[in-house]
Amino acid sequence: MIVSVRRFRPRIKFRRPFHVVMLGLDKSGKTAILYRSKWKDWKERIVPTPVFNVETVRPSKDLRFKIWDVSGKEHIRPLWKAYVRQADAIIFVVDSANEERIDEAKEELFNLVSSAQINGAPILIFANKQDLPNASAPVEVTTKLSLHNLSSRHLWYLQPTSAVLGDGIVEGLRVLSDMIAQWKADIKNLKSGRRKRKLAASRSNSVNNIL
Ligand code: GTP
């Protein structure tokens, strides 16, 4: 299994479900993953997503996400950046059995990551369609997508999945929840460090003024 940058499980309780945006090329399996994480016994009946689907999912007692599944069609992709603004995390779905489109998927992923709107949010990559005989192994998908070149600003994790069998989805969402908690704790620490430094600086200025 591919490692994320760090693993850490801060004990913070969050009141609202995490806001997650799920992206990836058309037909990679986003909608199948969304419905499979909402209903364990879901039986397939999918039409291509016109623009987006949104569902609040609770794959286990302690996990709650509001997931936006945005169409991967070429004419919708320029809108992805607008959807990721304010997101707690991104899920990027890749069809592991479609060798021909892996470069296209990589290009879209790196375009997305380079946009300011994503703002360091963690990224979960689902290497989907692992049930198909020609699917690339997770380690190959990692190499083909050059995931190790992702900016160190992002926590990321690659999880092999099969939306058809329902394999790997809950495991991936659990890691995602840990990464979001870690990211939020890092931001909080950074802000409080900055506040303390500012306070210390303003105190020393006022002492200097008195002297
Ligand atoms: P867009 O709505 O066009 O962006 O596509 P999407 O990424 O939402 O893909 P969707 O979930 O509609 O799945 C596309 C096709 O792939 C469907 O026929 C699914 O049944 C199939 N599919 C999705 N996940 C899997 C999987 O894990 N294994 C297999 N064998 N087929 C899958």
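The values are calculated or read from the model by the stated rules, or taken from the named source; none is laboratory data. Here the structure is a predicted model, which means the values were calculated and not measured. Cβ placement follows ideal geometry from the backbone for every residue including glycine, while neighbour counts extend to all protein chains displayed.
For region 78-100, give me the residue count where each residue is outside any loop (DSSP other than H, G, I, E, B) and in contact with a Lys or Arg (Cβ under 9 Å, 6 or more places away or on another chain).
Going through region 78-100 one residue at a time, the tally reaches 5.
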Go through the residues of region 175-196 one by one and say whether even a single one is surrounded by 10 or more Cβ atoms within 10 Å (Cβ to Cβ), among the hydrophobic types (A, V, I, L, M, F, W, C), in contact with a helix residue (DSSP H, G or I) (Cβ under 9 Å, 6 or more places away or on another chain) and at pLDDT 95 or above.
no
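In this structure, is GLU100 over 21 Å from VAL21 (Cβ atoms) and within 16 Å of the ligand (Cβ to nearest atom)? Write out each step before concluding.
Details: over 21 Å from VAL21 (Cβ atoms): yes; within 16 Å of the ligand (Cβ to nearest atom): yes.
Yes.
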What are the residues in region 31-57 that are charged (D, E, K, R), in contact with a helix residue (DSSP H, G or I) (Cβ under 8 Å, 6 or more places away or on another chain) and more than 12 Å from the ligand (Cβ to nearest atom), if any?
GLU55
For region 115-170, which positions are surrounded by 16 or more Cβ atoms within 10 Å (Cβ to Cβ) and among the small types (Gly, Ala, Ser)?
ALA121, ALA127, ALA135, SER136, SER162, ALA163, GLY166, GLY168
When both residues are 6+ apart or on different chains and their Cβ atoms are under 9 Å apart, which pairs have a first residue that lies in region 70-96 and is of a type in the set (Ser, Thr, Tyr), and a second that is away from the ligand (no atom under 11 Å from the Cβ) and in a loop (DSSP other than H, G, I, E, B)?
SER96/SER136; SER96/ALA137
Can you tell me which residue is modelled with the lowest pLDDT among those in region 112-159 that are basic (Lys, Arg) and more than 14 Å from the ligand (Cβ to nearest atom)?
ARG153
Return the residues of region 35-74 that are under 15 Å from the mean Cα position of the chain (by Cα), modelled with pLDDT of 95 or more and either part of a loop (DSSP other than H, G, I, E, B) or among the hydrophobic types (A, V, I, L, M, F, W, C) (or both); say none if nothing qualifies.
PHE65, ILE67, TRP68, VAL70
Residues of region 58-78 classified as within 18 Å of LEU176 (Cα to Cα), crowded, with 20+ Cβ neighbours inside 10 Å and aliphatic (A, V, I, L, M), total
1
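The rows are residues; the columns are (1) touching a His at 6+ places or on another chain (Cβ under 8 Å); (2) closer than 19 Å to TRP156 by Cβ.
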{"site": "LEU34", "(1), (2)": "no, no"}
{"site": "ASP41", "(1), (2)": "no, no"}
{"site": "GLU44", "(1), (2)": "no, no"}
{"site": "VAL54", "(1), (2)": "no, no"}
{"site": "ARG58", "(1), (2)": "no, no"}
{"site": "ALA87", "(1), (2)": "yes, yes"}
{"site": "ILE91", "(1), (2)": "no, yes"}
{"site": "ALA97", "(1), (2)": "no, no"}
Looking at LEU34 and the list (1) touching an Asp or Glu at 6+ places or on another chain (Cβ under 7 Å); (2) surrounded by fewer than 19 Cβ atoms within 10 Å (Cβ to Cβ), which single condition is not satisfied?
(2)
